[in-house]
Amino acid sequence: MKRKLLRQIGNEWQTNVWLSIELLIVSVVMWYITDFLYTKISIISEPRGFNTEHCYLINYSELNEQSPEYIPDRTTQERNDDLHTMLDRLEKRPEVECVAMGQNSYLYNGSNSGMYLECDTFNTAKGWALLRRVSPDFPRVFRIYGADGETPEQLAELLKDRNGILISDNLFQRQYGIESMKDFIGKEFSTGNYGDTLVMRGSYQPVRYDDFRSAAWSLSVMLPVPEDSYTFFNEMVVRVHENMDKDFIENLMKDADRHFRIGNYYIASVQSFDDIRQIHQRDNISELRTYFTGAAFLALNIFLGLLGTFWFRTSQRIPEIAIRKANGATRSDIFRRVIGEGELLLLLVTPLAAVFDYLIAHFELNAIYPWDYFEPTRFFSCIAISWGFMALMIFLGILIPANRAMNIAPARALMGE
């Protein structure tokens with residue numbers, strides 16, 4: 001059968017050359033689309049390394065001097081004690097599981113800072129780590145786990161060391177190929193600030209910057225701030241028990257004036273991290289929706305083009321199908337012959353299309369993926385997916401008209417001849 005198909009393709013080489021060129025172009029375009037979607041879906045599907053469900057950001061502030069309730073000459077220690085009082089009262093609320101503070105540290109936050117780290121001959125010069133200055137309970141609020149299975153509570157205990165630091169397990173992975181930071185635990189890291197050094201107390205699972213940034217590009221450190229320095233913080237985050245966060249914002253704001261007006265501090269507003277996440281990623285979501293819509297539209301056009309091409313091609317062969325049927329060929333024989341020809345043409349051009357796909361990947365003209373730009377599994381998976389899609393379109397484009405041709409009596413189909 002294959003030899004007969006090759007002979008038939010050779011006999012009709014002029015028509016098949018143009019069809020092969022069409023299949024080649026469509027195959028490369030389909031691979032490009034598949035690679036883009038594969039990359040986006042792979043990154044979105046990565047573990048985030050944190051959990052913001054049932055979490056809230058409490059925006060607090062201080063009264064200014066124009067306020068009639070302003071308390072003048074408040075010392076740093078008194079202001080610090082006021083913040084501790086606010087934290088204690090929040091923790092005693094029955095719906096609150098835990099509370100933490102930070103400085104530009106909460107998740108889905110576009111306002112943050114980086115930190116340079118150096119240990120022996122290793123450093124972050126090519127990829128600064130995101131710095132999170134936090135209170136010890138920060139891992140508990142966002143359920144961040146240690147790289148070696150440590151619980152958020154255990155990480156919180158490690159953060160109580162004011163000279164210690166916690167580092168994401170992938171800090172040196174992209175730059176040096178070091179898969180884990182476990183061997184650096186207990187070592188001193190220089191921050192480059194006047195010779196300051198910090199001791200690494202533990203590592204945690206990579207915490208992604210957001211849902212659209214890969215873990216490979218999300219390097220971070222958690223630096224504890226002493227309890228007597230809470231006045232340097234500018235944010236407060238809480239985790240609420242799963243079955244008790246209904247109307248949490250409304251209930252807390254009702255009690256804000258009575259229970260959380262401490263010194264000059266007051267609670268200005270409360271935001272759900274569901275809303276913060278949506279706002280932070282609004283542009284990314286819109287961009288992704290645009291790309292998916294464009295890819296779907298292009299795929300639909302490819303589908304209709306292939307369907308129309310092979311539909312017309314098969315319709316032109318109705319007399320040939322009738323002759324085969326009159327000579328005793330079964331339905332399955334005819335289907336295998338006409339469908340096999342289209343699929344064989346696709347199979348013949350696929351290796352050449354793979355060469356063009358490789359050139360696109362080699363010159364980095366396709367979607368950006370973490371640090372291994374050319375990754376064999378991704379490359380060949382996208383080839384297989386695009387080939388499967390095109391094979392299905394060819395199958396449908398031939399099956400429907402071929403089935404119609406099979407229902408026509410041979411004598412009727414040959415009347416034109």
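The values are calculated or read from the model by the stated rules, or taken from the named source; none is laboratory data. If you're wondering where the values come from, they're calculated on a predicted model, not measured in any experiment. FYI the Cβ positions are ideal-geometry reconstructions off the backbone, even for glycines, and counts take in every protein chain you see. SASA here: full protein model, heavy atoms, side chains in, ligands and nucleic acids out. Shrake-Rupley method; radii C 1.70, N 1.55, O 1.52, S 1.80 Å.
For the chain, what does the helix formula give at 222 nm: sum of -39500 (n - 2.57) over DSSP H segments with n ≥ 4, over the residue count, nearest 500 deg cm²/dmol? Kindly include the intermediate steps, with their values, before the conclusion.
On the way: 13 runs with 205 residues, N = 417.
When only DSSP H runs of four or more count, the value is -16500 deg cm²/dmol.
Find how much the distance from LYS126 to ARG289 grows on full extension, using 0.36 nm per residue of separation minus their present alpha carbon separation; answer in nm with one decimal.
On the way: separation 163, 0.36 × 163 = 58.68 nm, distance 3.18 nm.
In short, 55.5 nm is gained.
With a 1.4 Å probe and all protein chains left in place, how much of the accessible area of the chain comes from carbon and sulfur atoms, in whole percent? Don't skip to the end; give the middle numbers.
Values: 11790 of 21720 Å².
That share works out to 54 percent.
Is there a quick way to get the dipole size of the chain? I mean about its Cα centre, with the Cβ of Lys and Arg at +1 and of Asp and Glu at -1; what is the value in debye to the nearest 20? Provide the component values of the computation, followed by the final result.
Details: 42 positive and 53 negative charges, 640 e Å.
About 3080 debye.
With a 1.4 Å probe and all protein chains in place, put SER272, SER315 in order of accessible area, largest first. Working shown, then result.
Numbers: SER272 15, SER315 40 Å².
Per-residue accessible area, sorted high to low, gives SER315, SER272.
Label-point separation (nm) for PHE212 and LEU359, each offset 7 Å from Cα along Cα-to-Cβ?
About 3.2 nm separates the two model spin labels.
Sequence gap at least 6, Cα distance under 8 Å: using those rules, report the relative contact order of the chain to the nearest whole percent.
Details: 623 pairs, mean separation 103.1, N = 417.
Across the chain, relative contact order equals 25 percent.
What does the net charge come to around ASN104 if you take all other residues with beta carbon closer than 9 Å to its beta carbon, with K and R at +1 and D and E at -1?
On the way: positive: ARG132, ARG133; negative: GLU235.
Charge balance in the 9 Å sphere: +1.
Non-local amide H neighbours of GLY114 (under 5 Å, H modeled in plane, Pro and chain starts lacking H): which ones?
Those lying under 5 Å, H to H, from GLY114 are LEU131.
Starting from the amide H of CYS98, placed 1.01 Å from N in the peptide plane, find each other amide H under 5 Å away whose residue is 5 or more places distant or on another chain.
The answer is ARG239.
Summing +1 for each Lys or Arg and -1 for each Asp or Glu, what net charge is found among the other residues whose Cβ lies under 15 Å from the Cβ of SER190? Provide the component values of the computation, followed by the final result.
On the way: positive: LYS187; negative: GLU118, ASP120, GLU188, ASP196.
Net charge around SER190: -3.
Can you report the principal axis dimensions of the chain using only the alpha carbons, biggest first, rounded to whole angstrom?
Result, largest extent first: 105, 53, 36 Å.
Can you work out the Karplus-derived ³J(HN,Hα) for every residue in the range 264-270? Use 6.51 cos²θ - 1.76 cosθ + 1.60 with θ = phi - 60°, whole Hz, and x for glycine or proline.
So the J values, rounded to whole Hz, are 9, 7, 8, 8, 7, 6, 9.
Could you rank LYS126, LYS160 by how accessible they are, 1.4 Å probe, largest area first? If you can, show how the numbers build up before the last one.
On the way: LYS126 165, LYS160 130 Å².
The most accessible residue leads, giving LYS126, LYS160.
Run the quick spin-label model on ASP275 and ILE44: label points 7 Å from Cα toward the beta carbon, then report their separation in nm to one decimal.
Taking the simple label geometry, ASP275 and ILE44 are separated by 2.5 nm.
Show the residues, 5+ positions off or on another chain, whose built amide H is closer than 5 Å to the amide H of GLY146.
Counting only residues 5 or more places away or on other chains, the set is THR151, GLN205.
Could you please state, rounded to a whole Å, how far the C-alpha centre of the range 97-114 is from the C-alpha centre of the range 315-381?
Cα centres, the range 97-114 to the range 315-381: 51 Å.
Go through the range 166-175 residue by residue and turn each phi into a ³J(HN,Hα) via Karplus (6.51, -1.76, 1.60, θ = phi - 60°); whole Hz please, and just put x for glycine and proline.
Each residue of the range 166-175 in turn: 10, 10, 5, 5, 9, 4, 10, 5, 5, 7 Hz.
Would you mind checking the tilt of helix 282-315 against the longest principal axis of the Cα atoms of the chain, expressed as 0 to 90 degrees and rounded to 10?
That works out to roughly 10 degrees.
Would you mind calculating the relative contact order of the range 265-406 from Cα pairs under 8 angstrom and at least 6 residues apart, reporting the percent as a whole number?
Details: 61 pairs, mean separation 64.6, N = 142.
It rounds to 45 percent for the range 265-406.
What does the net charge come to around ASP210 if you take all other residues with beta carbon closer than 12 Å to its beta carbon, with K and R at +1 and D and E at -1?
Working: positive: ARG48, ARG208, ARG213, ARG277, ARG282; negative: GLU46, ASP211, ASP283.
Cβ neighbours under 12 Å give a net charge of +2.
For the range 31-43, take each phi angle, set θ = phi - 60°, evaluate the Karplus expression 6.51 cos²θ - 1.76 cosθ + 1.60, and give the result in whole Hz per residue in order, putting x for glycine and proline.
Residue by residue, the range 31-43 yields 5, 4, 4, 4, 4, 4, 5, 4, 5, 4, 5, 5, 5 Hz.
Ranked from highest to lowest mean number of other Cβ atoms within 10 Å per residue, what is the order of the peptides 25-33, 102-110, 349-357?
Values: 25-33: 21.7, 102-110: 19.7, 349-357: 17.0.
Going by the mean number of other Cβ atoms within 10 Å, highest first, we get 25-33, 102-110, 349-357.
Please find the FRET efficiency linking ARG282 to ASN64, where r is the Cβ-Cβ separation and R0 is fixed at 35 Å, and quote it to the nearest 0.05. Intermediate values should be presented prior to the final figure.
Values: r = 32 Å, r/R0 = 0.91.
The computed FRET efficiency comes out at 0.65.
Can you send over the solvent-accessible area of TRP217, 1.4 Å probe, protein chains only, in Å² to the nearest 10?
Here the residue's solvent-accessible area equals roughly 120 Å².
Roughly what percent of Cα-Cα pairs across the range 106-217 reach past 21 Å? Present the calculation step by step, with values, prior to reporting the outcome.
On the way: 2005 of 6216 pairs.
Across the range 106-217, Cα pairs with separations above 21 Å total 32 percent.
For the chain, what does the accessible surface come to per residue with a 1.4 Å probe? Please give it in Å².
Numbers: 21720 Å² over 417 residues.
Each residue of the chain exposes 52 Å² on average to a 1.4 Å probe.
How high is the FRET efficiency from ASP161 to PHE380, r the C-beta distance, R0 45 Å, rounded to 0.05?
On the way: r = 47 Å, r/R0 = 1.05.
That gives a FRET efficiency of 0.40.
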